[in-house]
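Written below as structure tokens is the structure these notes are about.
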Amino acid sequence: MTAATAAKKGRRLHPARMGTRVSHFWSDLTREHGYEPLKLEGDIPQELAGTLYRTGPALTQRFGRPYGHVFEGDGAICAVRLGEGKAQGAHRLLRGDGFVEEERAGRPLYQTAVSWPRQVANGLLGRFKNTGNTNVMEWHGHLYALMENARPIAFDRELETVGETSFGGVIQGAFSAHPHPVPSRRTTYNIGLRYGRKTSVAIYSLPWEGQARCLTELPLDHPVMLHDFMATEKHVVMLVSPLRLVIHRAILSIGDFTDLFRWTPSAGTEVIVVPIDEPERVRRFRTDAFFQIHFCGGREEPDAVAVDVMKYADSSALDVNVADVDEPPQTGEVTRIRIPHGTDRVEHERLCETTLEFGQTDLRMAGSDYRHLFGLNVDEENRFRLVHVDLERGSEDVFRFPEGEFNSEALFVPRSPEAPEGEGYLLSIVYRSSSRTSHLAVFDAQHVSDGPVARAHFDHHIPSGFHGTWVSQVGSGAA
Ligand SMILES: [Fe+2]
């Protein structure tokens, strides 16, 4: 039974128990190294000058003891430095406190790689390992690896781990893995959940030229999973789907990551709209349940705030969009959730016919109206695709990867700071199963179907990652 079939039948397979069905795509990293030249095919555009940093789970086991879910995997940073038409790549594990502690002990101490009594003790004592395996953020010229429910782990440009930070005590709970910049406010926003006797969510403001601060902290009715949110020019919007943490399972460590949460549609999705300049005027209401993993945009309208998500009917996308490339991952309906001011209702508008995941835009437009959307999906023959949707023209431009090639989230880099929206390049790390290697594929964002204009090849594979960031040599927006 495949993971997707199992999910449809309401059962789950542990990736670690899937045997050969777990692709090499997700297998352990084989080599750590600093920057070294990558073999080039095609021409790296001269104007691409900077570094792509990506993170992802890079170990499926610890000291031979398998993890129950790829989300638990220890993070590694993959970096590709581009400039003067050349490419250099580096790849290193993050060495956060928990990882180092395990190295010293010579055995696993956390997650499902340890015995059940140890898992229970960890659950009761709130002990967990910060893996930094989900996203990378640059702020004030420093780099941070992020994960769902922990503090940022700082690392340097040579990918050496510096250590966890709370930004001077500002982060009291967690700092989520999806910070969102709003260029017009020259500020990056993020949320952070705090579980405990009462669950709350904090909203953090990280000005590009100032100190971090907590804008507000709001109580939640129930501990939930809240992976992403959106910030617009005036609002922070959270759509709290009813994916609830089963507390006794969390404390007793019953099952893996996905077993800890239960889809509870009768509770509905809670809509939380926080005015950035007056956070005390928060608006909250419930609507029919739906689910999103990621947001891809947001904007202010004359009578509403609108956020764009890749929408699902329920949380089963979490069961099948990782670990098993033999089974197509789920992709969501690109949907604008419009929240009219002064009402307790939402309007859903499908933005394009194609379904997507890992939707990305030109970040110069983040939090405001945008036209060009980039994402990935999989066709009926299980071939991975990179998709550009022009929302103004209603057109799609698609590159279908050859059989045995699997792309990851593509990040957009403008051709120049002044280039029109959407004119630039898409950078995606692609795994090629025939050679068991990975490469950076560079696409012209306005000519996706032409295929990569350049490829920069590692001589090993990069375990499939989730998210990352581009840091321009001339300074990024958040620098
Ligand atoms: Fe994510």
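The values are calculated or read from the model by the stated rules, or taken from the named source; none is laboratory data. Please read all numbers here as calculations on a predicted model, not as lab measurements. So basically every Cβ, Gly included, is an ideal-geometry build from the backbone, and we count neighbours across all protein chains shown.
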_Given the criteria of a type in the set (S, T, N, Q) and at pLDDT 95 or above, does Thr264 qualify?_
no
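Would you please name the residue that is farthest from the chain's Cα centre (by Cα), looking only at residues in the stretch 355-365 that are under 15 Å from Val309 (Cβ atoms) and either β-branched (Val, Ile, Thr) or assigned to a loop (DSSP other than H, G, I, E, B) (or both)?
Our first condition is that a residue be under 15 Å from Val309 (Cβ atoms); within the stretch 355-365, this holds for 355-361.
Checking which are either β-branched (Val, Ile, Thr) or assigned to a loop (DSSP other than H, G, I, E, B) (or both) leaves us with 355, 361.
Details: Thr355: 17, Thr361: 14 Å.
If we take residues in the stretch 355-365 being under 15 Å from Val309 (Cβ atoms) and either β-branched (Val, Ile, Thr) or assigned to a loop (DSSP other than H, G, I, E, B) (or both), then Thr355 is farthest from the chain's Cα centre (by Cα).
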*When you look at His222, is it modelled with pLDDT under 95, within 16 Å of the ligand (Cβ to nearest atom), in a loop (DSSP other than H, G, I, E, B) and not aliphatic (A, V, I, L, M), yes or no?*
no
*asked:* Take the residues in the stretch 269-318 that are hydroxyl-bearing (Ser, Thr, Tyr), in a strand (DSSP E or B) and surrounded by 19 or more Cβ atoms within 10 Å (Cβ to Cβ); name whichever of them is nearest to the ligand (Cβ to nearest atom).
replied: Tyr312
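Need at least 3 residues that are at negative phi and within 16 Å of the ligand (Cβ to nearest atom) per element, so show me which strands (runs of 3 or more DSSP E) inside the stretch 148-200 make the cut, counting only ones lying wholly within it. Let's see the steps before the verdict.
Details: elements: 153-155, 161-164, 180-182, 187-194.
By residue number, 187-194.
When you go through His348, His372 one by one, which is the residue that is farther than 26 Å from Arg286 by Cα, away from the ligand (no atom under 16 Å from the Cβ) and touching a residue at least 12 places away in the same chain (Cβ under 8 Å)?
Values: His348 fails: farther than 26 Å from Arg286 by Cα.
His372 is the lone residue from the list that is farther than 26 Å from Arg286 by Cα, away from the ligand (no atom under 16 Å from the Cβ) and touching a residue at least 12 places away in the same chain (Cβ under 8 Å).
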*If we keep just the residues of the stretch 408-463 that are assigned to a loop (DSSP other than H, G, I, E, B) and hydroxyl-bearing (Ser, Thr, Tyr), which is farthest from Glu41 (Cα to Cα)?*
Ser416
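Residues are listed down the side, and each one gets a yes or a no for (1) modelled with pLDDT of 95 or more; (2) under 24 Å from the mean Cα position of the chain (by Cα); (3) assigned to a strand (DSSP E or B):
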{"residue": "Thr55", "(1), (2), (3)": "yes, yes, yes"}
{"residue": "Phe71", "(1), (2), (3)": "no, yes, no"}
{"residue": "Gly89", "(1), (2), (3)": "yes, yes, yes"}
{"residue": "Arg95", "(1), (2), (3)": "yes, yes, no"}
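Over 19 Å from the mean Cα position of the chain (by Cα) and surrounded by fewer than 19 Cβ atoms within 10 Å (Cβ to Cβ): does that describe Phe128? Before the answer, list the steps.
Details: over 19 Å from the mean Cα position of the chain (by Cα): yes; surrounded by fewer than 19 Cβ atoms within 10 Å (Cβ to Cβ): yes.
Answer is yes for this residue.
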